[in-house]
Amino acid sequence: MASKTISVTEKVYMLLKKMKLPSESFGDTIERLCLNFTAENLIQWFDHSKGWGDMNKSEFNEYYSTIQKFQKNFKVEYGD
């Protein structure tokens, strides 16, 4: 498998290090995070989270639209 080198700030490195499980490489951690935190998962999280019940339709549509735009741009740039 081909590999790529990326540069991150010290702050991002420390955040990633906190997310890393003991048995994972940093690449494994990035893959897990990218696969688990998709737009669809965020929508499901919003749908099932307490405290969002008082959000009106307009507010929901604004959040949903933002998530959809992110997802569309991500798919265009990185594929399905």
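Each value in this text was obtained by applying a stated rule to the coordinates, not by laboratory testing. As the structure is a prediction and not an experimental result, all values here were calculated from the model. Note that each Cβ is placed from the backbone with ideal geometry, even for glycine, and that neighbours are counted across all protein chains shown.
Please give the helix 26-36 orientation as an angle from the longest Cα principal axis of the chain, in degrees from 0 to 90, rounded to the nearest 10. It is inclined by approximately 20 degrees. Any idea what angle helix 39-48 forms with the longest principal axis of the chain, computed on alpha-carbon atoms, 0 to 90 degrees, nearest 10? Its long axis makes an angle of about 50 degrees. Three principal axis extents of the chain based on alpha-carbon atoms, in descending order, are 44, 29, 22 Å.
At most 15 other C-beta atoms within 10 Å and a DSSP loop state: those are the exposed chymotrypsin sites (Phe, Trp or Tyr not before Pro) I care about. Give me the longest piece of the chain that has none. Free of exposed loop sites, the longest segment is 1-36. Give the angle, between 0 and 90 degrees and rounded to the nearest 10, that separates the Cα long axis of helix 57-78 from the longest principal axis of the Cα atoms of the chain. The angle comes out at about 30 degrees.
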